[in-house]
Structure formats: C-alpha cells, structure tokens
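Worksheet: the structure to be examined is printed underneath.
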Amino acid sequence: MQPTDPRDPDYYHRVVDCQWACPAHTDVPEYIRLIALGRYGDAYLVNRATNVFPGILGRVCDRPCEPACRRGRVEASPVAICRLKRVAADLREDITARLPRAAERRNGKRVACVGAGPASLTVANDLLPLGYEVVIFEQHAWPGGLMRSNIPAFRLPAAVLDEEIGYITGMGADLRLGTPVRSLAALLDSGGFAAVFIGSGAPRGKELALPGRDASERIHIGIAWLESVAFGHVTAIGERVLIIGVGNTAMDCCRTALRLGARSVQVMARKPRGFFKASAWELEDAEEEHVAIVVNHAPKAFVVHDGRLQGMTFERLEYELDGERITAQRVIEEVFVPCDDVILAIGQENAFPWIERDLGIEFDAHELPRLDPVTFESTRRGVFFGGDAACGPRNIIEAVAQGHAAALSIDLHCRGEPLNARPPHAVTLQSRKIGLHEWSYRNAWDGRERRLVPHISLRERFRRLDVEVELGFDAARAAEEVRRCLNCDIQTVFEAPRCIECDACLDICPTDCLTITADGAPPAVQARLRAPRLHPAQPLFVSAPLRQTGRIMVKDEDLCVHCGLCAERCPTGAWDMRKSWVHIPQAGDEARCQGPAQRRRA
Amino acid sequence: MSFLPKPKVAHPGLPLNALGLNRRDYEGVMSTLCAGCGHDSVTAAIVQACFELELPPHNVVKFSGIGCSSKTTAYFVAGAHGFNAVHGRMPSIASGAHAANRHLHSIGVSGDGDSLSIGLGQLAHVIRRNPRMLYLIENNGVYGLTKGQFSASADVGTRSRRGDVNEQRPLDPVLLALALGAPFVARGFSGDREQLVPLLKAGLSSGGFALIDVLSPCVTFNDHEGSTKSYAYVREHREAPVALDYIAPRRAIEASYAAGEVLPVTLHDGSRVLLRKLEPDYDPTDRTRAAAFVQERALANEYVTGLIYMEPERRDFHTRHNTADAALNALPFARLCPGAGKLAEILREFR
C-alpha cells in the first residue's frame, strides 16, 4: 500500500473528528484542556479565534462536532463539546484587553456589509484589525440577524448577544441600524466601497398553499412570527396551537408559544420519527416541556368558518420502511384537529428583491447566488456572499466560517492580489512528551458517562419569555465532563525506521487499532487488520516498510482513544504523541506569509 | 513500564468465544517490565491462546519462579489460580498442584535463569514426572533483573552490552528436554505470534509435559549488535522444519493438503494438530534425529523453531500412578482421609 503522507495537512486534521466536522475548525480538544486547567479565558480566546461567538454558539450551535466526536463511537454519547464552550464563556475572566483591536492606522479601504448577522460580523471582526473601514447596514434596530430575531431569548439571552457583538462593533465598525439596503446598484454606485459583502440571511419563511390559507390571520409564518415576538410586537397566542413542520424553527415556535400562553401545543409531523429535521437535543428540550409531537400527519386544509380559524384537516399516513428509507406511503384516514393558531415552520428561502438582476450577479434556480465555493465571490468581482444568503438556511457556525473565508478574499481583492493566492492549510506537530512515562496531557481513560446540563425547573421557566432554560455546567460538572475528551489532537506519530517490531504497541493498544502485517493490495491488508474496520471513512495510517522484516505498520484511526500507551510502551521512540495545530488561513495571514518559500506545509 | 492501567475500553467489534468472553477478559494486570520486552509479547500470545481455547479462567493455574519472566504470570488470565514459587522451585509446586487436581490447565512460566541455572535440577525432574502442563522458558540469554549478566543460555561469542564476550558453552533447553524424554518440545520467538499461538494451544492440549523454549529478547540488556538473542539476530537466524496448525475439537479441517505433505495428530483433548513438513527429511516424531537436526543447525548459527518433537502416546503422571480422577478438594473427607484404622491396615501389609 502507498504509505500515508502525514505532511498532508488534512491527514492529522481528519483524526480530530470534532475539529474536522466544525465548519470553522475550532480547536476543540485544546480548549477543553484549557477548561480542565481552569484557564477559562484562554479557552474562550481559542474558541473566539475561529468561531468568533463562543458564548452564543455555546448555547445555540448546531454542533456538527458532537455527532462526529470519537467518544460517541467508542461508547454511547459524545463529549458535551457545545456546552463546554459555554463554560469557557460563562466562567471566563475579563478578556477584553486580549481581544483583537482595530488597526491604529486605517488603510483607506471601505467595505460594506449588508445585514448585521454572524457572517457580516465575522467579516468585520477579521477586517477591522487590518485597517479596513467596515460599514454594516442593518434593517432592524438591533444587530445580530437571525441570532436575535429567530432564536428565542429563553435559549439565547440578549445580554450574551450584546456582549459578543459589542466586541466587534466596539472595534469601530460603522454599524448603521434601521438602514435597509433597498438597492444594491445604488450601494455600488455610491462609490467608496472597495468590496461589498452580502450576509443578509435567508429571510423568507416558506408558505403552505392549502385551501383556507388566506382566510384567517391566525396562520403565521414561523420565522416572521418569532421575529415579531423577539421585537415585542406579538405578546400573546391562542390556547391551542399547531406547529407545522419539525425543524429547529418549529421547536423554537412551539416553546415560544407555550411562553405566550398556549395551553396545548402540537407539532404536526408529516413523517415518522427518525425523519425529523430538528436536532435531537432540540426535540428533547421541547418534549421536556410537554409539547406533543404528532407523527404521520400531512396537512390538507385550513378550516375557517366566518373568518375564524377552527382547525386543520390532516391526512393520516402509513409508511413502509426499508431500514432508514421510506419505500411506500398511503393515506389511512382524514382527521380534523381543532386549534386557535397555526404556525408554519416548514423552511426558509432566500430572497434578494433588492439586488437588481442587471449587475452581473448570477443566481441559480433556487434564488441562490452563484459563488466560488472557496472565495465566496459572486459572478461580479468585488461582491461576496456568506452565511444563509450564500447557501440557503444552514447555521451560525457555517456563516462564521464563510465570513472568515470571504474576509480573506476581500483582503486579497483589496490588495489587488488574485483570490486564489490564499495561504495553504497547514498542520504543525509538537511532542507532548515531558518524561519517561509522562505527557503534558491527561491520557488516563475515564469511563464516566456524559454529564447532563441542568435545566431550570418547569415551574420557573414559563414565568417570563426570557428566562434562560439551560443553566450551563458549573465548574465542578465541567471538570468532570472535560475528562471525557479523548484528546484526539494529540496525535500518534510513527517513524518507521525506528521500529524494531517488538509488538509492544500492538499488545498494549486497548482498542486493537494497530496491526503489523505484510504489505499488499489495500483490500488484502485491510482484511488482515487485527480488529474489523467499522468506519471506512476514517483514515488509515500506513507506514513505510519496517526495517527488520519489511512489513508495514497499519493504524485504523477510527477508535484510537489517544491514551498514548503505544508511545509509552515503545522502547525506541518510534511512536510519539504530538499535538497537531491546524492552521486555516484567515484574512491577514497571506500578508504575513508572502512568497512560496515561506509558505510552509507542515 | 507504564504507570497507567490499560484502559478498560475495547473495540466494539471484539469477538466473543463460546464462554461469552472476549480476548480482553483473559488479560491480567499491567506489565511492569521494560517497554518492548519480548516477555510482554509472549504474555499477549498466552492471552490469545487461552481465549481461543475457550479456557474457563477458574480452570487455569499459573506457576512461576523468580525473574523477569516469572513476573509475567500476573499479566495474563487475571481470573486464574496462581503460585509464585521460590527461585527455581516452580516445577515442584506445579507437580504438587497437578497431583492434587488433574483437571486444571497448568501454565508454568520460567526463564533461562530460573530453569537453566538455579532450577535446572527441578526442571530435569519435572520432565521425568511428565505432569500435564505447559512449561514456557522465556529465554533471553541474560539476567535482566540483575542488570544483564550472561545467563546459562548465552551463546559462545555473545557480546554483552558493555562489551564482555561470553566463553562458556550454553545450555540449550530444547536439547535438554529431548535428552530427558519430554513428550512435546518446541521453540518459539516472541516476535512471531503466528507461529507461537498454535504452539501454545497444542502444548496446552498435548496431555503431557509440553516444553516451549521461547526466544524472547531482552530489549534493555540484550538487543544490541553482538547479541545472538536480539530481535534482529533471531529474525535472521531461525528456521522451522515443521509448521504446526492447531485445529480445535469438532472443527473441520478447512485447508486442503496434498497426501504425504501433512501429518495429522490427534491430541489428548480431541483437538488435532496438522504438521506440515517444510524440511522434507525432517520427522518430528523421531527424537534422535530431531536432536541431531537441532545440533547441526546450531553449529550453523541457526535456531530451529516451531514444533521440534512430539510423542503422541505417553503415559502421563496420573495414568502412571493410577490416581483418583477427582480433584482432592472434591473428594469426600472420609475417602480423602480414611482414618487411623485404614493406615494401620496398609502398614500391616508391609510387615
């Protein structure tokens, strides 16, 4: 087999499942170790370097890291990565002096950002320290975008939003609230902007065109309704509420409805469980509040008498399943469900009525701008997109990641360099050995199960709309949860020429992920692995031929718990435990590493 | 050595044997030997063999004397019985235990110091007694615990780590066992588990005294250039005249062999071994020729490994002495100790 090239910056990065899964590639194990040391401020800053909003994301992130977490493959549940992020934010000391600051001297370039959501704020965060003047246009009276208008305050308190957005606007962003951009052409024509970034989100809730839709005013569009609640325009709802759709917006709608006085809230799902779009934890939180989730009901019509909404009719469906796939469905009966209000939460769409179609910005059939997937530049030079505006409704952390990428592009664009002159991704490795059997990380296996985040009691939480439900881990609970992290970023690095094939590493490996075997074709070698390869998508390390017998060392990275015992039992130091630092370029990095000679691939 | 215990977490795909145990269930405590010690590989091979033989841990008894090798009985089958004897006196303890309970699977682990120096007399006599036990000599040619002096198995010309040259003739446990009439003699290498595990399984099932000399490099004191028991030297200087495949009882022989190429031997517990000749003239049932072959190859600086000699039919200790089948602890007290009257009766027979 072809030996693995560990200089490929993606090889060791992929081993750190959480970091690889995170769109912004936050160095999760590093900040978890800092939390373990009680260095909450440092942990916060490690987070902020890539995800910009640790306090916000520590509460409401879509957490792609957790399903990826290796702990979830070794035992039942992953590390509570997201809630540990919140611990770093909650318990941090004053770090304001360590935040990036706007450059003392401006570079004379102005950048316009449309919308003050996470994508635009990230662009501002990256460009202000480089000397750019950043003007953010926001239609509402508050910055934050969907983070503020669509995520209810009981999940994300306004104070947290204000603080973390304040770190960016406080750098001197020119934030123009209540200033919608009504014409991109006018903005471009106004001159003075070296680049325009569009982070205006996916602001239009999908409609459900069924009979009776327009006959009542008690039928609401989810995201618009949440926005009205967030800004205080809606303060009440009927007793019986139906939510159509089972995504995360639906979860926010049903829980908000309970806080506005609804007595019975039912979430109507077209499909059975397992096909819901909502994240498992958001479903769990809604069900904890006694929201009923009604499966296999497809909406058929709104029933309105004399202008009053009576309820809805549904077709009750039966599905035939083949594993996780629906193979057939049929209608069993039609049912009527009475209600006072209906909230539609069946998705969002992009809408750019303010972008003229003759500006050279092309859109696809879904009204999404055609973009370069790396630079996020549109088909018009100098106009960039990011966040939901770029790709349709996704999540905050992707918006942040795209904001970083776009900021780098904008910097290149403004400096007159080609947008593909981006520094490469890189990995550097640093040994963690500090003694014969000592490593500067805690490598002992801790078998405890995932700690639960305490919630405020059901009695307390409905008193006001903004009573935060999750209380977050306290320091003691966090100290237990951090021990579950397997430190996947402390890599097992193998140097074939040192190996004497004594088998010590194979014998000590608790999960049998190592094999020394004869070289051969990949399928043959994989068949000889000491433990079956359960997840072929996980990387396989293949060494160069070993000195004594010419066999190869193969490591299935899948279930490695990074206990370091292979390195501890190695008599020749062929194995070493090294921390991998993944470098994803951000705006300004290209100026710091000019010329191919200085572009170091780890 | 490592200070951390081996994590309890295991690969979810780890197979179970008929007892519902996985391989990890046959492990013992964490080894405190030097990292890279050959003995740890032998331990891992024993774990593998016991798992594959589906031995109930409480039916296993482990014996050892003193030395690096003798520490290893703590590192496998934690649920087994064990006795860590005085230096070189393990064979007596093992014989006594086997006399008291013939149904236990006995595993004795010793080293070149424990068996070939201080315990040589004990080894010679346990071979003569022929109890049913697997006797391993983890042979590295040096006294590791006392910082690497030459042991009785060090070859002439071997250079110690500090440069001294050994001039005394070595004792070869394989030749010794052949000379003393051991019914099962083999040599393994800690760095070749594919060969060692079937040997261990066959030895445990052989029904008599099975001696396996395992070349097990001392990574600290005898793994340098000039050593004849280093990983690199043994890898380059070994040959096997016979390959042994172990077939569990009631398991069909899956591979097909040409006639005359394979000698199947049924063992005491119904399992079988297939002896495949790699050296056409070699006969593993001919004791004299086997000894001659080992000596010849030794002159050419080659270790003969794999199965060296096997005697299918041989009366073991219990058959010879016509002892009770039941373990002594299972006999009713009245039968175990018939009393003063019965003793007087027996004594009268000798008057």
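Rule-based calculations on the coordinates, nothing more; no lab input. It should be emphasised that the depicted structure is a prediction, and the values quoted were computed from it without experimental measurement. Every residue, glycine as well, gets a Cβ built from its backbone with ideal geometry; the counts of neighbours run over all protein chains shown.
Using 0.36 nm per residue and subtracting the Cα-Cα separation, the extra length available between residue B:235 and residue B:16 on full extension is 75.6 nm.
Per residue, the protein assembly as shown reaches -8000 deg cm²/dmol at 222 nm when only DSSP H runs of four or more residues are counted, each adding -39500 (n - 2.57). Modelled spin labels at residue A:495 and residue A:372, positioned 7 Å past Cα toward Cβ, are 4.1 nm from each other. Beta-bridge orientation, chain A: approximately 60 percent antiparallel, per DSSP, counting only bridges with both partners inside.
How much length would be gained if the chain were fully extended between residue B:3 and residue B:325, taking 0.36 nm per residue of separation minus their Cα-Cα distance, in nm to one decimal?
Using 0.36 nm per residue and subtracting the Cα-Cα distance, I get 111.5 nm.
Relative to the longest principal axis of the Cα atoms of chain A, the long axis of helix A:81-91 makes an angle of roughly 80 degrees. Relative to the longest principal axis of the Cα atoms of chain A, helix A:396-414 runs at roughly 80 degrees. For chain A, the alpha carbon convex hull comes to 176 Å³ per residue, rounded to a whole number.
Take the Cα of residue A:434, step 7 Å along the line toward its Cβ, and report every residue of region A:35-73 whose backbone nitrogen sits under 15 Å from that point. Answer for region A:35-73: A:35-39. Using alpha carbon centroids, what distance separates region A:1-59 and region A:62-108, in Å? Using only Cα atoms to place each centre, the spacing works out to 8 Å. Arranged from fewest to most other beta-carbon atoms within 10 Å of their beta carbon, A:589, A:503, A:214 become A:214, A:589, A:503. What is the list of residues in region A:59-83 whose amide nitrogen lies under 11 Å from a point 7 angstrom out from the Cα of residue A:287, following Cα to Cβ? Nothing falls inside the zone, counting backbone N under 11 Å. Rounded to the nearest 0.05, what FRET efficiency do residue A:14 and residue A:331 give with R0 = 60 Å and r taken as the Cβ-Cβ distance? Could you check? Taking R0 as 60 Å, the efficiency between residue A:14 and residue A:331 is 0.85. Helix A:248-259 and the long axis of chain A differ in direction by around 50°, with both axes built from C-alpha atoms.
Listed by chain and number, the lysines placed with their C-alpha closer than 21 angstrom to that of residue B:8 are A:555; residues fewer than eight positions away on the same chain are left out.
Distance check, please: which entries in A:206/A:300; A:433/B:6; A:85/A:433; B:62/B:277 exceed 23 angstrom between their Cα atoms? Where the Cα-Cα span goes over 23 Å, the pairs concerned are A:85/A:433; B:62/B:277.
So what's the gap between the Cα centers of region B:76-96 and region A:385-427, to the nearest angstrom? Centre-to-centre distance over Cα atoms comes out at 69 Å. Partner shielding of A:561-568 amounts to 3, given as the average count of beta-carbon atoms from other chains within 10 Å of each residue beta-carbon. Restricting the trypsin sites (Lys or Arg not before Pro) of region B:256-316 to loop positions (DSSP other than H, G, I, E, B) with no more than 14 neighbouring Cβ atoms within 10 Å leaves B:315. Straight Cα distances below 19 angstrom link residue A:109 to the aspartates and glutamates A:126, A:133, A:174, A:189, A:377, A:411, A:417, A:589, A:590, with same-chain residues fewer than 8 positions distant left out.
Label zone (residue A:228, point 7 Å along Cα-to-C-beta; backbone nitrogen cut-off 20 Å) within region A:274-305: A:302-305.
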